[in-house]
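Visitor: The structure's right below; bear with me while I get my questions together.
Values quoted throughout were computed directly from the atomic coordinates according to the rules given, and no laboratory measurement underlies them. Note that the structure is a prediction, hence the values are computed from the model and not measured. Backbone-built Cβ (ideal geometry, glycine too); neighbour counts: all protein chains shown.
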Amino acid sequence: MDAAVTVTGLVVDRGHRRVLHDLAFVVPPGQVTGLLGPSGSGKSTLLRALVGVQVVRSGEITVLGRPAGSASLRSRVGYVTQAPSVYADLTVRENARFFASLYGAGSAAADRAVADVGLGDAAGRLVRDLSSGQMGRASLACALLARPEVLLLDEPTVGLDPVLRVELWEQFHALAAAGTTLLVSSHVMDEAGRCDRLLLLREGRLLADSTPAALRARTGTDDLEEAFLRVVREQQAELPA
Amino acid sequence: MTAAPAVVRPGGHSHAAPGATTLAVTGRVLRQLRHDPRTIALLLVVPSLLLGLMDALWTEQPQVFDRVGLVMLAIFPFVVMFLVTSIAMLRERTSGTLERLLTTPLPRPALLLGYGAGFGLAAALQAAVTTAVGFGLLGLETAGPVGWVVVIAMVDAVLGVALGLLCSAFARSEFQAVQFMPVVVLPQVFLCGLLVPRELMAGWLQAISDVLPLTYAVDALQEVGSHPAATGRMAVDLAVVAGAALLALVLAAATLRRRTS
Ligand SMILES: Nc1ncnc2c1ncn2[C@@H]1O[C@H](COP(=O)(O)OP(=O)(O)O)[C@@H](O)[C@H]1O
Ligand SMILES: [Mg+2]
């Protein structure tokens, strides 16, 4: 099967600084790929580029066979920003139904997505009265309802309690099993083990493009946090001082 | 999320009909207003209270109130809708919802038209209330039909919405957005012929007044004030205001970039 996302030679500058340095990678379809890296490493910038809202300096990004940001991709690619991007002065249900109407999905699809993220009981509450974790899930629901083929999630599990976090990861894998391609960013290395594939990003450079098992084997440690550190040291040793 | 989620295969939906997305935005804007009853109350009541204050101010000179009060019916919705819209659009920008909207199938003109229709409707209600109070309770009088006053106030409100949408593109914060009010709105109020009749202005001021759209809204109202039936000049005035609103919307769409740095 063809790659869901192909990136070659991607360079992005933000505010006179180079934020992404010549990235190249492929995201396979129907899997959960983790985009892991510390805060400020360029994860959000990369996701913005994939969804076509980031000005890029050079490089090529192909999503589902089309240039990133093409009009025809807008109903096929779902994007959930890092900060919950839902309307605080609307209820969860009203938010979901609004976004559903933009995709031509009915209110049934909207209500189902709200229930799927575990907000069925809070559907009638204003978003501004929710906890930050609930806001994040409301934001996620507004992307799920469009049944996108590619789902780009920017730190969706930040601030969630551990039980919810596990449930959310189960849902990501269920979506992938049904054929959705997911790219999920996180700065928490202990989430890396939950991904089928890993992209390790640091200071705008791709350190590793691998699977958790291959990364563990290569670095000789079971701890992915430690593995990340070893990869960083390897690269620093390679660079001339 | 206790039960395993019912995962649906990806594959999207049939596309939303053109126009449906505009209506969706309008519905959303009005729903947001509905959750904010205090704003609705302020929108509907404040202009009438201010009109009452002016009536009291000119008790001894009712003909001055007839002239100024009438013009105020164009200025209130213009100013209020400009402010409300620019803040609403700025919030959309800073909360990340705009970035998200730009990744959905919603066309940019549909977003702006949806806003225009939503706040335009709110403005129509405001104009109807203010006009009813002005003519019913405060004894405001015009030679022409009151219905035209409401129509002019509405078109003028849509102009305020369109300019608000345009200006919000140049504001990075709420503080900046409210500063655009004196910059964009006050010169139009000063030069529209309310404070000094346009014939008495210096030539260069008249030239500026000629290119400011509020001038035409005020002129249209003055036509209704002094003529028993709709005049050709009033129709031209209205067309100019509507054209300016459309131009501002087109410019707003052009400044609304999908890709940002
Ligand atoms: N709007 C912006 N203007 C200029 N620089 C930015 C902007 N947003 C982010 N950056 C910079 O780009 C780099 C990457 O940021 P980001 O993509 O948000 O990283 P992450 O999501 O991994 O935390 C950081 O150094 C950040 O300071
Ligand atoms: Mg980020």
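Visitor: Just B:PRO182, B:PRO77, B:PRO213 to compare: in a GNM of chain B, with alpha carbon springs under 10 Å, which one fluctuates most?
Guide: It is B:PRO182.
Visitor: Test of understanding: in a Gaussian network model of chain A with alpha carbons linked when under 10 Å, which of A:LEU229, A:LEU20, A:LEU164 would top the mean-square fluctuation ranking?
Guide: It is A:LEU229.
Visitor: Determine how many Å³ per residue the convex hull of the Cα atoms of chain B encloses.
Guide: 168 Å³
Visitor: Taking all pairs of different Cα atoms in the range B:121-219, averaging 1/r and flipping that mean, what Kirkwood radius in angstroms comes out?
Guide: Taking every pair of different Cα atoms in the range B:121-219, averaging 1/r and inverting gives 15.2 Å.
Visitor: Report the gain in length on full extension from B:LEU125 to B:SER226: 0.36 nm times residue separation, minus Cα-Cα distance, nm rounded to one decimal.
Guide: Result for the pair: 33.9 nm of gain on full extension.
Visitor: Kirkwood Rh, Cα Rg: Rg to Rh for the range A:112-241?
Guide: My calculation puts Rg/Rh at 1.05.
Visitor: Tell me, what is the percent relative contact order of chain A, built from C-alpha pairs under 8 Å that lie six or more residues apart?
Guide: Contact order relative to length: 25 percent.
Visitor: Something else about it: Tell me the label-point distance for the pair B:LEU50, B:VAL196, using the 7 Å Cα-to-Cβ offset, in nm and rounded to one decimal.
Guide: My value for the distance between the label points is 2.3 nm.
Visitor: A follow-up question, please. Can you give the Rg to Rh ratio of the protein assembly as shown, both from alpha-carbon atoms, with Rh computed by the Kirkwood formula?
Guide: Expressed as Rg/Rh, it is 1.09.
Visitor: Return the single residue from B:ALA117, B:ALA41, B:ALA202 with maximal mean-square fluctuation; model: Gaussian network over chain B, springs between Cα atoms under 10 Å.
Guide: B:ALA202
Visitor: Let me ask something additional. Report the extension gain between A:SER39 and A:VAL232 in nm, rounded to one decimal, defined as 0.36 nm multiplied by the number of residues separating them, less their alpha carbon distance.
Guide: Length gained, A:SER39 through A:VAL232: 68.0 nm.
Visitor: Apply 1/(1 + (r/R0)^6) to the Cβ-Cβ distance of B:VAL236 and B:VAL178, taking R0 = 25 Å, and write down the FRET efficiency to the nearest 0.05. Intermediate results must be reported in sequence, preceding the final value.
Guide: Values: r = 33 Å, r/R0 = 1.32.
So, using R0 = 25 Å, E works out to roughly 0.15.
Visitor: Whose amide H sits under 5 Å from the amide H of B:THR260, counting only residues 5 or more places off or on another chain, with H placed in the peptide plane?
Guide: A:GLN54, A:VAL55
Visitor: Given the rule -39500 (n - 2.57) for each run of at least 4 DSSP H residues, summed and divided by the residues of chain B, what is its mean residue ellipticity at 222 nm, to the nearest 500 deg cm²/dmol? Write down the numbers at each step before the final one.
Guide: Values: 11 runs with 182 residues, N = 261.
After summing the helix terms and dividing by residue count, I get -23500 deg cm²/dmol.
Visitor: When only Cα pairs under 8 Å and 6 or more residues apart are kept, what is the percent relative contact order across chain B? Provide the component values of the computation, followed by the final result.
Guide: Values: 313 pairs, mean separation 66.7, N = 261.
Once normalised by length, the contact order is 26 percent.
Visitor: Given that compact globular proteins tend to follow 2.2 N^0.38 Å, what is the ratio of the alpha-carbon Rg of the range A:85-144 to that value?
Guide: 0.94
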